[in-house]
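What follows is one structure encoded as structure tokens, with my remarks underneath.
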Amino acid sequence: MTDFNVTILGNGSAVPTAYQNPSSQILQYGASRFLIDCGEGTQLQMIKYRVSYKHLSSIFISHLHGDHYFGLIGLVSTMHLYGREQPLHIYAPEPLEKIVQLQLECSKTRLQFPLQFHVLRDAEKIYEDNTLEISCFALNHRLPTWGFVFR
């Protein structure tokens, strides 16, 4: 049996406080790490909890309220600066790719690794390997929003 661990990096709402950070969780399954949402401050929380981004293969963004993705471009930039070469998969609502590409373009950053965006659709399997299946499902929120099931 492979270890399955979840580390809550942030569980607060849109405004960070001294005791709560915006939404972000790391799910570790064996040697794989998956990031669910990437609120502002996620990198600092990863450092605090000694969670390395080196084995981070995929990021899942539930919706496009800022407290769920404002930390993403900083994390991607740090991976670039540390010489990441392997692809990073981002599962997210469709507009996020344009947002990230615009940020990279405006900063004249050309990543050394591929970003592979996967648009979330209602109730579909989005990842599968020999021991893990990940699917998404629509949630009722002010913006198009998805939940994730790791099985």
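Being modelled with pLDDT of 95 or more and under 19 Å from residue 150 (Cβ atoms) narrows it down to one of 137, 113, 117, so name that one. Step through it out loud before you land on a result.
On the way: 113 fails: under 19 Å from residue 150 (Cβ atoms); 117 fails: under 19 Å from residue 150 (Cβ atoms).
None of the other options fit; the residue is 137.
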Of the residues in region 8-59, those that are out of contact with any strand residue (DSSP E or B) (no Cβ under 7 Å at 6 or more places or on another chain) and among the β-branched types (Val, Ile, Thr) come to 15, 17, 47
Does residue 137 fit the bill of being surrounded by 10 or more Cβ atoms within 10 Å (Cβ to Cβ) and more than 22 Å from residue 79 (Cα to Cα)? yes
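Of everything in region 74-110 that's among the hydrophobic types (A, V, I, L, M, F, W, C) and over 27 Å from residue 150 (Cβ atoms), which residue is farthest from the chain's Cα centre (by Cα)?
So the first thing to find is which residues in region 74-110 are among the hydrophobic types (A, V, I, L, M, F, W, C), and the list is 75-76, 79, 81, 88, 90, 92, 96, 99-100, 102, 104, 106.
Still in the running and over 27 Å from residue 150 (Cβ atoms): 81, 102, 104, 106.
Working: 81: 18, 102: 18, 104: 17, 106: 22 Å.
The qualifying residue farthest from the chain's Cα centre (by Cα) is 106.
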Residues being touching a residue at least 40 places away in the same chain (Cβ under 8 Å) and among the polar types (S, T, N, Q): count how many of those fall in region 34-91. 2
Residue 61 is checked against (1) more than 14 Å from the chain's Cα centre (by Cα); (2) modelled with pLDDT of 95 or more and fails just one. What number does that condition carry? (1)
The correct count of residues that are touching a residue at least 12 places away in the same chain (Cβ under 8 Å) and within 16 Å of residue 47 (Cα to Cα) in region 1-22 is 7
Examine region 14-23 for a residue that is surrounded by 12 or more Cβ atoms within 10 Å (Cβ to Cβ), under 13 Å from the mean Cα position of the chain (by Cα) and under 24 Å from residue 139 (Cα atoms), and state whether such a residue exists. yes
Inside region 52-61, can you point out the residues that are open to solvent by 10 Å² or more (accessible area, probe 1.4 Å) and under 27 Å from residue 137 (Cα atoms)? 53, 55, 57
Which of the residues belonging to region 31-42 are surrounded by 13 or more Cβ atoms within 10 Å (Cβ to Cβ) and farther than 12 Å from residue 69 by Cα? 32, 33, 34
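The values are calculated or read from the model by the stated rules, or taken from the named source; none is laboratory data. In this text the structure is predicted, and so the values were computed from the model without any measurement. Every residue, glycine among them, receives a Cβ derived from its backbone with ideal geometry; neighbour counts consider all protein chains shown. What goes into the accessible areas is simple: the full protein's heavy atoms, side chains included, and nothing from ligands, DNA or RNA. Shrake-Rupley method; radii C 1.70, N 1.55, O 1.52, S 1.80 Å.
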